[in-house]
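Notes for the one structure printed next.
The values are calculated or read from the model by the stated rules, or taken from the named source; none is laboratory data. Quick caveat, the model's predicted, so the values are computed rather than measured. Here the Cβ positions follow ideal geometry from the backbone for every residue, glycine too, while neighbour counts run over all protein chains shown. Accessible surface is based on the protein model in full, side chains and every heavy atom, while ligands, DNA and RNA are left aside. Shrake-Rupley method; radii C 1.70, N 1.55, O 1.52, S 1.80 Å.
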Amino acid sequence: MAPPAYSPRLRTGLLLCGAGTAGAYHAGVIRALTEAGVKIDLVAAHGAGVLTALCAAVDGGAGLADPGGPWTRSALGRAYRWRPALRLAAAGLFVVLLLLVSPGVILVLAGVAYAASLLAALVNLPGASEWLVQTYGRALEVLFSPPIMPAMVPRGMVLGLLVVAGVLVTAAARAAWLEPSRRRFRGAFWWRLIGAPLAADEPGATMLDALWRLVRGASGGSRLGPTDIGRRYVDLLVENLGQPGFREVLLGVHDLDAKRDLVGGVLTPDARAAFGARRAGSGPREAEILDFTGAQAGLVVDVLLGGLRLPVATAPHAATFPAESYWRGELHHLCDRPDLAGRLLDEMIGVGVAQVILVGPSPSPSGPHGLRSRPADLRSRIGAVVRSVETAAFDEAWARALAAVEGAFAVRPVHNPIGPFDFGGVYDEASDRRCSTVELAQQGYDDAYRQFIEPVVAGGRERHG
């Protein structure tokens, strides 16, 4: 069966889907598309693809997959780890548990010592047998004489529990102090103590640093604040839009407070007019769109950081809207939504995109006899849920694209064992080896050539050449 036709004359959009390590796969695909000279008019993304889209829109996407690129930095080994307070609390509870079972451990050691002394007596080593019994007897006298076991163990357990409670209370108080919103929280206080299980300082810090390196240029100087970085990025794109390598951009994120998907963009004047038009049944259009070319330019970084936050698993990103916007200076909380791909596709079609390339790190849904071992740890189980939802969302967006645009093309791996949180790599039982995000970037590069550039772009040139 011949691949679908591709025409460089059609308005072409690139849609990047996926969270976490998906950014490494996107980086490899962008490098291949740039190298092959594929014409792209608009880049849209959510989640981990936001940075890739921002870089690709200003002719900076090819370097994302380089050895010094953001997706290969060692700092990402700390991405989406358990919050420090929860790690300290878990360590404290482990010490308390050890103290709790210490009497039982001593009894087990007593049995071992008795068995060892009996064995020594059987092999005619009476001296060794007598020494074992006497040594263990003296140890028991020391341990069970005040103030060791009877007094110190209960005190140690109480102290450990107090330390655990102190760590959680301190972390909750710090989170409340740093929270920009002064709204009260509903629910019991202990839910504030637990909070979101995963920290999102990384990859947020690495991605923001990569964006700053992109927009600061040769001027150098001290690093600007997030809002100013966003404004400088918009200025760079607006000044060069229409030049080779510079493209329109659309970014999606979910607003938890407004219960809406927000879509922001830098578009040409004609596309911007279509972007601002009211969608049927959506309510006030200005409530859900962000025109980065106006007063909302500073929200670019907020969308980037919000896209790296996952529902429930991480705390959302707090963003303050400009006073001139529809939300009148309100502070809202942003996060990614794994099935934002469909919404972004609708927005792309609304601004005239007739040809779409969908990119995602999720393989096609498995068939019979395709089951693999289930992860046991909670962090990996959350990642498995995210990947499952992403796969379903990608397939729905793909079906929608096939029916709605003139040309729809997909780039996705046949097999990808690396979950959204596996920045340090993961063991792949299917190939019996360990895979890394560097390999994932290379896989994206290879997939782009095998699935799109060679059969579609190059094949179409040969047919029409």
Quiz item: Can you name every residue in the range 340-396 that is closer than 17 Å to Thr21 by Cα and among the charged types (D, E, K, R)?
Solution: Arg379, Arg381, Arg387, Glu390
Exercise. For residues that are in contact (Cβ under 8 Å) with a residue 40 or more places away in the chain, in a loop (DSSP other than H, G, I, E, B) and in contact with a strand residue (DSSP E or B) (Cβ under 9 Å, 6 or more places away or on another chain), scanning just the range 203-252, find the one that is least open to solvent (accessible area, probe 1.4 Å).
Key: Gly245
Practice problem: Kindly check whether there is at least one residue in the range 60-74 that is assigned to a strand (DSSP E or B), touching a residue at least 24 places away in the same chain (Cβ under 8 Å) and buried (at least 21 other Cβ atoms within 10 Å of the Cβ). | Solution: no
Exercise. Can you tell me which residue among Leu88, Leu93, Leu97, Leu118 is open to solvent by 60 Å² or more (accessible area, probe 1.4 Å), more than 30 Å from Ala172 (Cβ to Cβ), assigned to a helix (DSSP H, G or I) and modelled with pLDDT of 75 or more?
Key: Leu118
Self-check item: Residues satisfying the stated conditions in the range 128-140, i.e. open to solvent by less than 50 Å² (accessible area, probe 1.4 Å) and farther than 18 Å from Val108 by Cβ
Solution: Ala128, Ser129
Quiz item: Does Gln443 fit the bill of being touching a residue at least 40 places away in the same chain (Cβ under 8 Å), in contact with a strand residue (DSSP E or B) (Cβ under 7 Å, 6 or more places away or on another chain) and buried (at least 17 other Cβ atoms within 10 Å of the Cβ)?
Solution: no
Quiz item: Given the conditions (1) in contact with a Cys (Cβ under 8 Å, 6 or more places away or on another chain); (2) modelled with pLDDT under 85; (3) under 19 Å from Gly360 (Cβ atoms), which single one is not true for Gly47?
Solution: (2)
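Quick one: in the range 309-328, of everything that is crowded, with 24+ Cβ neighbours inside 10 Å and touching a residue at least 40 places away in the same chain (Cβ under 8 Å), which residue is farthest from Arg174 (Cα to Cα)?
Filtering the range 309-328 for residues that are crowded, with 24+ Cβ neighbours inside 10 Å and touching a residue at least 40 places away in the same chain (Cβ under 8 Å), the one farthest from Arg174 (Cα to Cα) comes out as Leu310.
One line per residue, one yes/no per condition, for (1) without any contact (Cβ under 8 Å) to a residue 40 or more places away in the chain; (2) aliphatic (A, V, I, L, M); (3) more than 26 Å from Trp71 (Cα to Cα); (4) open to solvent by less than 50 Å² (accessible area, probe 1.4 Å):
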position	(1), (2), (3), (4)
Gly306	no, no, no, yes
Glu330	no, no, yes, no
Leu344	no, yes, no, yes
Gln355	no, no, yes, yes
Asp377	yes, no, no, no
Quiz item: Which one of Leu198, Leu256 is in contact (Cβ under 8 Å) with a residue 12 or more places away in the chain and in contact with a Phe, Trp or Tyr (Cβ under 7 Å, 6 or more places away or on another chain)?
Solution: Leu198
